[in-house]
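Undergrad: Before I ask anything, here is the structure I am working with.
The values are calculated or read from the model by the stated rules, or taken from the named source; none is laboratory data. Note that the coordinates shown come from a computational prediction; the quantities given were computed from them, not determined experimentally. Note that we place each Cβ from the backbone using ideal geometry, even for glycine, and neighbour counts take in every protein chain shown.
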Amino acid sequence: MNFFSWVFLVVFFHLLSQTFSLNGMPLDISTKFLNYAKKEELFNWMVGVRRKIHENPELGYEEFETSKLIREELNKIGIKYKYPFSVTGVVGFIGTGKPPFVAIRADMDALAMQEMVEWEHKSRVPGKMHACGHDAHVTMLLGAAKILQAHREEIKGTVVLVFQPAEEGGGGAKKMIDAGALENVNAIFGLHVDPRLPIGHVASRPGPLLAGSGFFEAVISGKGGHAAIPQHSIDPILAASNVIVSLQHLVSREADPLDSQVVTVAKFQGGGAFNVIPDSVTIGGTFRSFSKQSFMQLRQRIEEVITGQASVQRCKASIDFLENEKPFFPPTINNKQLHEYFKNVAGAMLGIDKVEDMTPLMGSEDFAFYQEVIPGYFFFIGMKNETSKQLQSPHSPLFEINEDVLPYGAALHASLAVNYLLEFQPEVPLPEEKHHDEL
Ligand SMILES: *[C@@H]1O[C@H](CO)[C@@H](O)[C@H](O)[C@H]1NC(C)=O
Ligand SMILES: [Zn+2]
């Protein structure tokens, strides 16, 4: 091949690559941000931050030291923030202070469980552990803050950094919204590390991604007595057993088989002796579905079945849906337009073959609360390295983070935010008075 053919080919492929990127922008920014995040300086800094958070896990609404660390780092980076939201939440702002506004979010809380991994940076708090990767999520968002600050001239609007408390059952996202953390925000992105997905891959889907979830607890009361004289007692153990069996018919007989739902009784407590019928039994569990309608239907039927079935055996039942301690999580439903946008940005950074479509999961996420009020998109980011040891699932006492994931998360956050602001500029310029003085 002669020289001119080479030149032609090079120019041709250059043009081709440009037409495949969205306006020519995401490809440039995405690869630039990933390279920046992988640089030793930023990578080592993220590893240090993550290990520090990992050593000091804090439960929901108690993330005081984590929140302090975040604020100290934001101060060092030179990013303004507001604090507190919902006890420990922090909201940072970077960019022009003007519309559009795009949010990127991390959860901060740990779990009440003992870490069983023996390593230098093991949890120093007995009975508490970052076993769901929220230490990595916070670190990635701080990493994104560094990337964004270093490229702040490219931010055509405002990026809102949302550090929220209490994702694990506490509904911290709902409290962040109530406290005004999403004021003016046009869209929000969130991620979760995934130990089964290869590193450098991401996965998600448009529409329902994770289930809505609720909890219930019921006390079934009868009349205690001698186990050998059952006619003088009203046995709550047998009544509770029938309640549990009847609850299993809700999904198998009443739900549309194509509308996935779960009812699980995970708690059954009653009695303490071999020869005594107890006064009462406590049962409890969770229920899940992918639509609010199915969810409300399940909730209503769980209540009816527990009281109705208990009364068949002359017992009384009281039901608590624990809405104050464990608020219902709505289903996580991804905005369809943001799905297309995500595929473009993540595809430009990682290669489109690394952007996987996934089937919905019955797990739940309080990110869903944000999606109820603004368009939102949630995705999973891979940590699996074929050549290293297999990683355990979240909520395992042996859960570990492959820290190689940190640059990917940070760069994706930053890239999704910056490209969003470029792509979703308002068509008519907004009047000046929308400007936020406090930023
Ligand atoms: C997987 O781990 C090995 C050993 O630590 C490392 O050399 C390699 O770069 C990792 N692969 C990826 C894709 O990160
Ligand atoms: Zn989690």
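Undergrad: Is it the case that some residue within the stretch 139-147 is part of a loop (DSSP other than H, G, I, E, B), in contact with a helix residue (DSSP H, G or I) (Cβ under 6 Å, 6 or more places away or on another chain) and either more than 16 Å from ligand 2 (Cβ to nearest atom) or free of Cβ contacts under 8 Å to residues at least 24 places away in the same chain (or both)?
TA: Scanning the stretch 139-147, I find no residue that is part of a loop (DSSP other than H, G, I, E, B), in contact with a helix residue (DSSP H, G or I) (Cβ under 6 Å, 6 or more places away or on another chain) and either more than 16 Å from ligand 2 (Cβ to nearest atom) or free of Cβ contacts under 8 Å to residues at least 24 places away in the same chain (or both), so the answer is no.
Undergrad: If you go through the stretch 306-325 one residue at a time, do you hit one that is assigned to a helix (DSSP H, G or I), of a type in the set (A, V, I, L, M), buried (at least 18 other Cβ atoms within 10 Å of the Cβ) and assigned by TED's automatic domain parsing to the domain that holds Ala417?
TA: Here is the first cut: in the stretch 306-325, the ones assigned to a helix (DSSP H, G or I) are 306-312.
In the following step, the residues that additionally are of a type in the set (A, V, I, L, M) were identified as 306, 310, 312.
Pick out the ones that are also buried (at least 18 other Cβ atoms within 10 Å of the Cβ) and you get 306, 310.
Next, only the ones that are assigned by TED's automatic domain parsing to the domain that holds Ala417 stay: none.
No: the stretch 306-325 contains no residue that is assigned to a helix (DSSP H, G or I), of a type in the set (A, V, I, L, M), buried (at least 18 other Cβ atoms within 10 Å of the Cβ) and assigned by TED's automatic domain parsing to the domain that holds Ala417.
Undergrad: With a cut-off of at least 2 residues that are surrounded by fewer than 22 Cβ atoms within 10 Å (Cβ to Cβ) and either without any contact (Cβ under 8 Å) to a residue 12 or more places away in the chain or not charged (D, E, K, R) (or both), name the strands (runs of 3 or more DSSP E) lying wholly within the stretch 156-268.
TA: Hits in the stretch 156-268: 187-198, 207-210, 212-221.
Undergrad: Residues of the stretch 155-193 being acidic (Asp, Glu) and either closer than 21 Å to Asn324 by Cα or modelled with pLDDT of 95 or more (or both), which ones?
TA: Answer for the stretch 155-193, where residues must be acidic (Asp, Glu) and either closer than 21 Å to Asn324 by Cα or modelled with pLDDT of 95 or more (or both): Glu167, Glu168, Asp178.
Undergrad: Contact list please: Cβ distance under 9 Å, first residue in the stretch 392-404 and within 16 Å of ligand 1 (Cβ to nearest atom), second residue in a loop (DSSP other than H, G, I, E, B) and hydrophobic (A, V, I, L, M, F, W, C), pairs at least six apart or on different chains.
TA: Glu400/Val117; Glu400/Trp119; Glu400/Leu391; Ile401/Leu391; Asn402/Ile199; Asn402/Leu391; Asp404/Ile199
Undergrad: Go through the residues of the stretch 218-236 one by one and say whether even a single one is in the same structural domain as Phe380 (by TED's automatic domain parsing), more than 16 Å from ligand 1 (Cβ to nearest atom) and of a type in the set (Gly, Ala, Ser).
TA: No - not one qualifying residue is present in the stretch 218-236.
Undergrad: Can you give me the number of residues within the stretch 123-138 that are outside any loop (DSSP other than H, G, I, E, B) and away from ligand 2 (no atom under 11 Å from the Cβ)?
TA: Qualifying residue count for the region: 2.
Undergrad: Go through (1) outside any strand (DSSP E or B); (2) modelled with pLDDT of 95 or more; (3) farther than 18 Å from Phe380 by Cα and name the single condition Ile94 misses.
TA: (1)
Here's the yes/no breakdown for (1) at positive phi; (2) within 16 Å of ligand 2 (Cβ to nearest atom):
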| site | (1), (2) |
| --- | --- |
| Leu322 | yes, no |
| Asn335 | no, no |
| Lys343 | no, no |
| Gly347 | no, no |
| Phe379 | no, yes |
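Undergrad: For the stretch 334-341, indicate whether the set of residues that are assigned to a loop (DSSP other than H, G, I, E, B) and either over 30 Å from Gln231 (Cα atoms) or at pLDDT 95 or above (or both) is non-empty.
TA: Yes, that holds for at least one residue.
Undergrad: Identify the single condition in (1) more than 26 Å from Lys292 (Cβ to Cβ); (2) out of contact with any His (no Cβ under 8 Å at 6 or more places or on another chain) that Val193 does not satisfy, given that it satisfies every other one.
TA: The one condition Val193 does not meet is (2).
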